[in-house]
Structure formats: C-alpha cells, structure tokens
Amino acid sequence: QVHIVESGGGLAPPGGSLRLPCEYPTDFRGLAMAWFRQAPGKERELLATVTLGGTPNYVSRVKGRFTISRDNTKNMVFLQMNDLRPEDTAVYYCNKLQGTTWGQGTQVTVST
C-alpha cells in the first residue's frame, strides 16, 4: 500500500491562499512529483509537476497563482495556492507521474 498523505486543505475566500503539504513514500524520492485535483463530477486533472532537482511546470489555469516545491530530505512536496477562485474547489492529491494508487486527498473549498 502506497503511503501518500495530503493535508492543509480547508475553506478559503476568493483571493485567499492555502498551502498544501504532502508526504510521499521513500520509494518516490528519486521521481518527479505532481499535484492533481478532482472537482465534483469531473476527471482528475494534473496541475503542476516538479522534477527531482526542483524544476516546476504548471498548467495554464494555475500558472502564476500556484507554486509547487519539494523537500527531498523529508519526502515532502508542497503546493502554495494564491489568488484562489471558486473554480479551484476540489479534492487535491499529490502523486508521482503515472501513479495508480492514491492517497485520501485534501478538500479545498473556495467560497465566501
């Protein structure tokens, strides 16, 4: 069983910020990591990736608002989310690319 633990979600107002930490298994330490999200009634979507060396990439809808980073010494990956919008409401997951086993995710709700 893969041990992936996302946290940090909650309720934020439009324009607000949240920081999501994720602990991943030691087996993932040498791999690129990613953040995904799944909104109600929608497919899970990739948001951002970070290489082992820390190089990030983002999909256009979050570029400039979200920042992915990692701490390889602690098996952690982070997602800093700024300027949140109601359409960012979803369950957020981290995983390696092509990962097939998922953690519980963390719920992010953006609302007044």
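With respect to being within 14 Å of the chain's Cα centre (by Cα) and under 17 Å from VAL110 (Cα atoms), SER17 fits the description.
Scan the stretch 16-40 for residues that are open to solvent by 50 Å² or more (accessible area, probe 1.4 Å) and of a type outside the set (Lys, Arg) and the total you get is 8.
Within the stretch 80-99, the set of residues being open to solvent by less than 70 Å² (accessible area, probe 1.4 Å) and either over 12 Å from the mean Cα position of the chain (by Cα) or within 10 Å of MET33 (Cβ to Cβ) (or both) comprises ASN82, LEU84, THR89, CYS94, ASN95, LYS96, LEU97, GLY99. Every test in (1) part of a strand (DSSP E or B); (2) without any contact (Cβ under 8 Å) to a residue 40 or more places away in the chain; (3) open to solvent by 60 Å² or more (accessible area, probe 1.4 Å) is passed by GLN107 save one, and that test is (2). Looking at the structure I just gave you, is GLU43 open to solvent by 70 Å² or more (accessible area, probe 1.4 Å) and either of a type in the set (S, T, N, Q) or at pLDDT 95 or above (or both)? So GLU43 fits the description; yes. Of the residues making up the stretch 96-112, just one is at pLDDT 95 or above and at positive phi, namely GLY105. In the stretch 46-76, the qualifying residues are those that are among the aliphatic types (A, V, I, L, M) and closer than 19 Å to ASP88 by Cα, and the one that is most open to solvent (accessible area, probe 1.4 Å) is LEU46. For the stretch 28-40, how many residues meet the condition of being in contact (Cβ under 8 Å) with a residue 60 or more places away in the chain and not in a strand (DSSP E or B)? Of the residues in that region, 3 qualify.
Among the residues of the stretch 12-27, is there at least one that is out of contact with any strand residue (DSSP E or B) (no Cβ under 8 Å at 6 or more places or on another chain), part of a loop (DSSP other than H, G, I, E, B) and within 21 Å of THR101 (Cβ to Cβ)?
First pass over the stretch 12-27, keeping only residues out of contact with any strand residue (DSSP E or B) (no Cβ under 8 Å at 6 or more places or on another chain): 15, 25-27.
Now restrict to residues that are part of a loop (DSSP other than H, G, I, E, B): 15, 25.
Filter again for within 21 Å of THR101 (Cβ to Cβ), leaving 25.
Yes, because at least one residue in the stretch 12-27 is out of contact with any strand residue (DSSP E or B) (no Cβ under 8 Å at 6 or more places or on another chain), part of a loop (DSSP other than H, G, I, E, B) and within 21 Å of THR101 (Cβ to Cβ).
The values are calculated or read from the model by the stated rules, or taken from the named source; none is laboratory data. All of these numbers come straight from a predicted model, not from anything done at the bench. Here Cβ is always computed from backbone atoms with ideal geometry, including for glycine, and neighbour counts include all displayed protein chains. Ligands, DNA and RNA are excluded from the accessible area calculation, which covers all protein heavy atoms including side chains. Shrake-Rupley method; radii C 1.70, N 1.55, O 1.52, S 1.80 Å.
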